[in-house]
Amino acid sequence: MVNNMNDEKFTLIAPCHFGLEAVLKREITDLGYEILNVSDGRVTFSGDAKAIARANIFIRTAERILLKCGSFRATTFDDLFEGVKAIPWERFLPRNAKFWVTKATTNRSALFSGTAIQSIVKKAMVDRMSTTYHTSRFDEDGDEYPVRVFILKDEVEVTLDTTGVSLHKRGYRKLAGKAPISETLAAALIMLTPWRADRILVDPFCGSGTFPIEAAMIGANIAPGLNREFTSDKWLKFMTKKEWYEAYDEAASLEKTDIEMNIQGYDIDPEIIKCAIQNSKEAGVDKYIHFQARDVKDLHNPKPYGFLITNPPYGERLEDKENLPALYKTIGDSYNGLKDWSMFIITSYEDAERYLGRKADKNRKIYNGMIRSYFLSYMGAKPPKKQK
Ligand SMILES: C[S@@+](CC[C@H](N)C(=O)[O-])C[C@H]1O[C@@H](n2cnc3c(N)ncnc32)[C@H](O)[C@@H]1O
């Protein structure tokens, strides 16, 4: 039987922020793919060529999608060379491919020099391609195939990066303030809360607007990758343009255009509010969000059951540190003035709960890049069920 190229299954790896694996796993399961493994900062799953396109376009909480090309054990550079050479690169790369090792990460392994690993892997790939393509000359003037290598306890994993520019770059945030939260982290945190599009959402420290914009995209079901390109959208060796067209069509057809949402973003800095408005226009969600310059101390809302989801200043600059107790006390006071609201705060400020004036119902540890942070949940009452 002739094997249809599009039925072929691949092992795909999605790295994410530490602490967000469960949300990412749920996203992948919802897309219909089988989870193979979940470990710190990554979820591994199985999917066909179309899964590469769909994962890149639909997933909100992963940093990138990697295609696993091979794995083996290596304690010497000879092992590494032979292991990489044994991978059928001709299955993935065309003869004119531009390929290089963009990143080599090693942990608790005999091989520890990133640059040496990068150079050996490239040599082994060239060796393999020379044999299969019967040439020693590669112009590398074709499409890009960035390789990423991970070595953990001498187990080597060699992958192709199907994404390119990290998935947190949705394409809408052209302008940002001093400490913007990553789009993938903001989306994941919103998805960790019980917020749904029919509830009010307010970010009183919205900066460049990331939380309100990501919430509006979630509410309107706008796929985060709809308006950007990916490295693998040009790959034709084991996938075709068809998978991409179908995935983009699917994403476009799922967007809700008749939805009403009450999302608000405030910040003390009027200049950053202008950026937030511009970013929301770029994302196509400005009609769902009200942005305005406002100090958190003036935060009021007469309606019950809303959500505050925010990342307040956490003392990024040393001179700001001394203002944190008063600022967090003000946040606590403003929150107390809101009837039956829930509040979700990501911060690395160790004394946040103390000055907010109340212990969080839940305190989840999340890594915001290298910064250890806390995602504090304060659960408000649920609205009464509507009468049938
Ligand atoms: C960590 S940044 C938020 C970044 C935002 N999540 C983003 O993605 O761009 C904190 C923001 O709080 C704002 N801010 C500081 N003091 C404030 C206050 N008293 N009321 C409202 N906003 C304030 C700052 O202007 C800054 O934009």
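The values are calculated or read from the model by the stated rules, or taken from the named source; none is laboratory data. What you see is a predicted model; the values in this text were computed from it and never measured. Heads up, the Cβs are rebuilt from the backbone with ideal geometry, glycines too, and the neighbour counts pull from every protein chain shown.
Which residue, of 288, 245, is surrounded by fewer than 18 Cβ atoms within 10 Å (Cβ to Cβ), at negative phi and of a type in the set (Phe, Trp, Tyr)?
Within the list 288, 245, the selection yields 245.
Looking at 372, 358, 364, 354, which one is touching a Ser or Thr at 6+ places or on another chain (Cβ under 7 Å) and not polar (S, T, N, Q)?
The conditions single out 372.
Counting residues that are within 13 Å of the ligand (Cβ to nearest atom) and at pLDDT 95 or above, which helices (runs of 4 or more DSSP H) fully inside the stretch 265-337 reach at least 1?
Helices (runs of 4 or more DSSP H) meeting the threshold: 270-282, 324-336.
Among all residue pairs at least 6 apart or on different chains, which show Cβ distances below 7 Å where the first residue, located in the stretch 324-342, is within 14 Å of residue 378 (Cβ to Cβ) and the second is near the ligand (Cβ under 9 Å from one of its atoms) and in a helix (DSSP H, G or I)?
Every condition considered, the pairs that remain are 331/296; 334/296; 334/297.
Give the stretch 52-69 a look and list any residue that's of a type outside the set (A, V, I, L, M) and in contact with a helix residue (DSSP H, G or I) (Cβ under 8 Å, 6 or more places away or on another chain), or say none.
54, 56, 58, 60, 61, 63, 69
For residue 208, indicate whether it is touching a strand residue (DSSP E or B) at 6+ places or on another chain (Cβ under 8 Å), of a type in the set (S, T, N, Q), over 22 Å from residue 69 (Cα atoms) and in contact (Cβ under 8 Å) with a residue 12 or more places away in the chain.
no
Please specify each residue of the stretch 177-210 satisfying the condition of being β-branched (Val, Ile, Thr), closer than 18 Å to residue 277 by Cα and more than 8 Å from the ligand (Cβ to nearest atom).
202
Kindly check whether there is at least one residue in the stretch 158-165 that is away from the ligand (no atom under 16 Å from the Cβ), closer than 30 Å to residue 267 by Cα and not in a helix (DSSP H, G or I).
Checked the stretch 158-165: at least one residue is away from the ligand (no atom under 16 Å from the Cβ), closer than 30 Å to residue 267 by Cα and not in a helix (DSSP H, G or I).
Please work out if residue 101 is in contact (Cβ under 8 Å) with a residue 60 or more places away in the chain and in contact with a helix residue (DSSP H, G or I) (Cβ under 7 Å, 6 or more places away or on another chain).
no
For the stretch 355-366, how many residues meet the condition of being free of Cβ contacts under 8 Å to residues at least 24 places away in the same chain and in contact with a helix residue (DSSP H, G or I) (Cβ under 8 Å, 6 or more places away or on another chain)?
3
When you look at residue 247, is it within 30 Å of residue 179 (Cα to Cα) and not charged (D, E, K, R), yes or no?
No; evaluated as a whole, the condition is false for this residue.
Just checking, how many residues over the stretch 374-384 are out of contact with any helix residue (DSSP H, G or I) (no Cβ under 9 Å at 6 or more places or on another chain), closer than 21 Å to residue 186 by Cβ and of a type outside the set (A, V, I, L, M, F, W, C)?
Residues that pass the stated criteria total 1.
Assess whether residue 84 counts as being among the β-branched types (Val, Ile, Thr) and surrounded by fewer than 20 Cβ atoms within 10 Å (Cβ to Cβ).
The answer is no for residue 84.
Out of contact with any Gly (no Cβ under 9 Å at 6 or more places or on another chain) and in a helix (DSSP H, G or I): which single residue out of 119, 136 fits that description?
Going through 119, 136 in turn, just one is out of contact with any Gly (no Cβ under 9 Å at 6 or more places or on another chain) and in a helix (DSSP H, G or I): 119.
If you check every pair at least six apart or on different chains, which have Cβ atoms under 8 Å apart with a residue in the stretch 282-307 that is over 19 Å from residue 384 (Cα atoms) first and a residue that is in a helix (DSSP H, G or I) and away from the ligand (no atom under 16 Å from the Cβ) second?
288/219
So residue 145 ticks every box in (1) surrounded by fewer than 18 Cβ atoms within 10 Å (Cβ to Cβ); (2) part of a strand (DSSP E or B); (3) among the aromatic types (Phe, Trp, Tyr) but one. Which box is left unticked?
For residue 145, the exception is condition (1).
Looking at the stretch 359-388 only, could you name the residues that are in a loop (DSSP other than H, G, I, E, B), modelled with pLDDT under 95 and farther than 20 Å from residue 198 by Cα?
369, 370
Answer yes if at least one residue in the stretch 211-229 is among the aliphatic types (A, V, I, L, M), more than 16 Å from the ligand (Cβ to nearest atom) and modelled with pLDDT under 95, and no otherwise.
Yes, the stretch 211-229 contains at least one residue that is among the aliphatic types (A, V, I, L, M), more than 16 Å from the ligand (Cβ to nearest atom) and modelled with pLDDT under 95.
Kindly provide the set of residues from the stretch 338-363 that are surrounded by 18 or more Cβ atoms within 10 Å (Cβ to Cβ), away from the ligand (no atom under 16 Å from the Cβ) and more than 21 Å from residue 294 (Cβ to Cβ), ordered by number.
353, 360
Looking only at the stretch 176-203, count how many residues are part of a loop (DSSP other than H, G, I, E, B) and touching a Ser or Thr at 6+ places or on another chain (Cβ under 6 Å).
Final tally of qualifying residues: 4.
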